[in-house]
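In what follows, a structure is listed as structure tokens, so that the remarks can point back to it.
The values are calculated or read from the model by the stated rules, or taken from the named source; none is laboratory data. Please read these numbers as outputs of a predicted model, since none were measured by experiment. All Cβ positions, glycine included, derive from the backbone under ideal geometry; neighbour counts span all protein chains shown.
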Amino acid sequence: MTSNFAELHSDAEILGAASAFVSEFIEAVRAHSFFDIFTEAETAQLSEYLECFGVPRESYVVEEGDEGDFLAILVTGKAVVLKSQGGINRVVHSLQRGEMIGEMSLIDGKLRSASCVTTEPSDFALMTRENLNALLADHPRLGSKFLLMLLRISTARLREATALAWPNFQDRSL
């Protein structure tokens, strides 16, 4: 159940399963409310399906327009999310410890909608589509909770994007 991340990123260091760094992983994701639906034991079990990679400063973790079959959770370090507009990369988000990128491509298999670049040496825990399928087969309840978390993240980001696009819009029930 190995990702091709290391093959695509020759400067990445394979660190092994996130379960080998379970305390650090739990500490990183606990900073975000999206992981509140998991107990510590469930988070530890989830870490068994994640692979960790060390990525140097100024390295692309994902690139806009590329195919993707994984999401990445920032465990240590810092990174920014970039969106290309008219050939210019603009920072749209500073990724914080415990946040993830790439969930849309993991789910729908479509091309990446943004890039992510490290601003300092960073460690990421990756969930591949293959490992997600294994999680769902091995632990359906935990896999379902993980998918629910991805849905919560996606809807929060959609609401944020909608608010930015229409700042004066007032929600009125239909």
Quick test of your reading of the structure: LYS83 fulfils all but one of (1) touching a Lys or Arg at 6+ places or on another chain (Cβ under 8 Å); (2) surrounded by 17 or more Cβ atoms within 10 Å (Cβ to Cβ); (3) over 19 Å from GLU130 (Cα atoms). Name the failing condition by number.
(2)
What do you reckon, is ASP11 of a type in the set (Asp, Glu), in contact with a Pro (Cβ under 6 Å, 6 or more places away or on another chain), on the phi < 0 side of the Ramachandran plot and not in a helix (DSSP H, G or I)?
yes
In the stretch 115-150, anything under 17 Å from GLU99 (Cβ atoms) and in contact with a helix residue (DSSP H, G or I) (Cβ under 9 Å, 6 or more places away or on another chain) is listed as ASP123, PHE124, ALA125, LEU126, MET127, PHE146, MET149, LEU150
Count - residues of the stretch 99-138 that are of a type in the set (D, E, K, R), surrounded by fewer than 20 Cβ atoms within 10 Å (Cβ to Cβ) and assigned to a helix (DSSP H, G or I):
4
Across the stretch 19-55, which residue is farthest from SER94 (Cα to Cα) among those that are at pLDDT below 95 and assigned to a loop (DSSP other than H, G, I, E, B)?
THR39
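If you check GLU64 against the conditions, is it crowded, with 16+ Cβ neighbours inside 10 Å, in contact with a Lys or Arg (Cβ under 9 Å, 6 or more places away or on another chain), of a type in the set (D, E, K, R) and touching a residue at least 40 places away in the same chain (Cβ under 8 Å)?
Working: crowded, with 16+ Cβ neighbours inside 10 Å: yes; in contact with a Lys or Arg (Cβ under 9 Å, 6 or more places away or on another chain): yes; of a type in the set (D, E, K, R): yes; touching a residue at least 40 places away in the same chain (Cβ under 8 Å): yes.
Yes, satisfied.
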